Each structure stands twice: as structure tokens, then as C-alpha cells.
1. Roughly how many nanometres apart are two label points built 7 Å out from the Cα toward the Cβ at A133 and T59?
2. Starting at the first residue of segment 306-316, write each ³J(HN,Hα) from the Karplus equation 6.51 cos²θ - 1.76 cosθ + 1.60 with θ = phi - 60°, in whole Hz, x for Gly and Pro.
3. Using a 1.4 Å probe on the protein heavy atoms, what percent of the accessible area of segment 127-270 belongs to carbon and sulfur?
4. Could you tell me the extents of segment 83-201's C-alpha atoms along the three principal axes, largest first, rounded to whole Å?
5. For segment 297-356, run through the trypsin sites (Lys or Arg not before Pro) and keep only the ones in DSSP coil with at most 12 other Cβ atoms within 10 Å of their Cβ.
6. Given R₀ = 22 Å, FRET efficiency for D327-K270 by Cβ-Cβ distance, to 0.05?
7. Given labels modelled 7 Å from the Cα in the Cβ direction, how far is it in nm from N31 to A46?
8. Tell me, what is the percent relative contact order of the chain, built from C-alpha pairs under 8 Å that lie six or more residues apart?
Amino acid sequence: MEVTTLNDIEIISASNSKINSVDFENLTFGNVFTDHMLICDFKNGAWEAPIIKAYEPFTIDPSAKVFHYGQAIFEGMKGYRGKDGSIQVFRPEENWKRFNKSAYRMCMPEVPEEIFLGGLRELLKLDQAWVPAKEGCSLYIRPFMFATDEYVGVTPSTTYKFIIFNCPVGSYYSKPLRVRVETEYIRAAKGGVGFAKNAGNYGGSLFATQNANKDGYDQIIWTDAATHQYVEEAGTMNLMFVINGALVTAATGDTILDGVTRKSVLQIAKDWGMEVQERQLAVKELIEGIQNGSVTEAFGAGTAAVIAPIATIGFEGKDYDLPERKDSDFSVRVYNEINQIRLGEIPDTRNWVWKV
């Protein structure tokens, strides 16, 4: 894809690199950060020129609106070391579009392409040595924006800070997941902000997830707020099921995040001639399907995990096990397809990869 060139940018290189202190053979997820970050401020109704500088703490006033009214949004995407040694990012234009949808819903300014994507390109050029070459590892990219007005009145902020930082990461999940259907707490309701990647959505999900973790589950399956009868999504992923040979997932809307990985999986399934159903899936239908064998696969799809197979679903105090994973399973094949595309091992016929 073509990205508008970013000419007006100041780059202040870090005086010392941290890269030699990092154990790239044993990366965990999200606690090691590259040498630089991009910062851009919104003031007086316009975006100022972005700056790339050393990754470091910054000061913010205690009255900043982000602390009091939750005007904060983010995105997540990944960069990979391609087969030819180049840096490749998977569908970043979709993340940029979704970021601005979140911004609009949260009364925040949209970020122009030349700052979001153009700035990211320059940042990746500067820190390209941080992109791991080890199989299963990648560079996690975190763009985010938050309100900075020093005023505690309940109104949208007039000033904002947009930042991108990156971290080399290993696998998000190391084994098939145990998940539990949540029937008490809710993640999102119609008319709300469930479709946006705003910080409050994730903060609100922690309690129910923590309870499930204590009971031996890795994640939860959120259900609809009104009845708790229908499957929606997991805490960090869209949910997908293979039922009678068809790929079934919840349709996007007010309560469902329009995931980039979700979108990619659905497109590949259609290209392969697989039936795709974007519809409500009742928990009852799901459990009965596991019992009678019509549900053959369950997995999560998201940027962090990519494809996360589900081994067990807990519901009303009982666990229901999915069939053991096979190489012929759709979830295995679609993961391999996405992985090979993003690493440049097969032709990118859908124009999904963005090379730096």
C-alpha cells in the first residue's frame, strides 16, 4: 500500500541503545520496549509536527482529563521480519481506520494518515533492528491517544497526545485455551462503546476475567448484556467456531470489535469456498453442538494472539472439551496462511502486507 510521505518530522536519536541488554531468545509479551517512540500533540484545533525521540517517561498534569473521564483509545498491530529480511506490517491501514472510528466515538480528533502511518514508517526505520527474526516472535506496535486538558469539567478535551511505541514480543498464548462463558458481568451493551478500542472497555473487563483466572480459565466468553444467551467475544479476541463445516462468528456492531484478524480470517475462508455465517450464536446451541459433535473447532482471532485455539469451554459449572486439534483443521490452515503472508513466504495476492 502507498502511504503519504511525512516530511515535517523531527528525529532525536537515543544517545544509547538498550538492544544489547535484551534476551531475544526468551521474550515475553509487552514488557520490553524499543529505543524510540513517536509523539504528536493536538492543540488549538490542529495536529502539531510529530517528534521521534528516545522512549522515556513524560510528565502530565494530575488534572488531565484522561485520568478523570477516560478519553483514551489505542490500537495494536504487529511487524514481522520477512523472509527477505525486510520489515513487514500486516494491514496497518485497517488499524488506522479503526483508530479514527474509536476517536470519533470518544469525541477525540482523528489522526491523519501521514502522522499515523507515515510516522510509524519512520519509527520502524529507526528501530528496525528490534524486529525479531525468531519464529513465533514479532514487534508489537501500540499507537494510542489520550486527553490532556488540565481541567476537570465534564466536557471533551481540547488537547490530546498521540504516541506510538513498539515492543519485541513472543507468543501471547503458549497452549490451547480454557475459557468460561460469562453470565453475570457484561463487556458492552447496544448504544455503548463496545466497538471502540477505548481503555475503559478493557478496564471494565478485568474483574470478570480475574475471577475466571482464579478458577483455572485463561479467558472468558462475553455474552450479550440483555439476556446472556448469545456469544459475543473474548476479552482480547473475536470468537469463531466451525459448526457443521461453516465458519460462524458474531456480526460486528455496537458491542463487537471489528477485528483486523477477524476480517482477514473471514476473507480467507470465503476465498477457500467455505460457508461463512455472521450471526447470533446462542450459548445453548454452542454447548449442544460440542456435545453432539457439530461444533468441531473453537478459536479466538486477534492481533496479539493471531489464532488462539480453544480446548475447553466452561458453562454453568461444567467443562465441555473440543476435539483435539489436527493439521487439517481450518484454524490451523488459516493461521499458516496468515503467517506465510506476513512473512513473505507466499505471494501477498490480497495486498495486505506493508513493507518498510
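1. Spacing of the two 7 Å Cα→Cβ label points: 4.3 nm.
2. 6, 10, 10, x, 9, 9, 9, 10, x, 8, 6
3. Here carbon and sulfur together make up 51 percent of the probe-accessible area.
4. Principal axes ranked by extent give 51, 41, 23 Å for the Cα atoms.
5. For trypsin sites (Lys or Arg not before Pro) across segment 297-356 that sit outside H, G, I, E and B with at most 12 neighbouring Cβ atoms in 10 Å, the list reads K326, R350.
6. Details: r = 22 Å, r/R0 = 1.00.
It comes to 0.50.
7. Spacing of the two 7 Å Cα→Cβ label points: 4.4 nm.
8. Dividing the mean separation by the residue count of the chain yields 19 percent.
The values are calculated or read from the model by the stated rules, or taken from the named source; none is laboratory data. Treat the numbers as computed from the prediction; the structure is a model and nothing was measured. We place every Cβ from the backbone using ideal geometry, glycine too, and count neighbours over all the protein chains shown. With ligands, DNA and RNA removed, areas are computed over all heavy atoms of the protein, side chains included. Shrake-Rupley method; radii C 1.70, N 1.55, O 1.52, S 1.80 Å.
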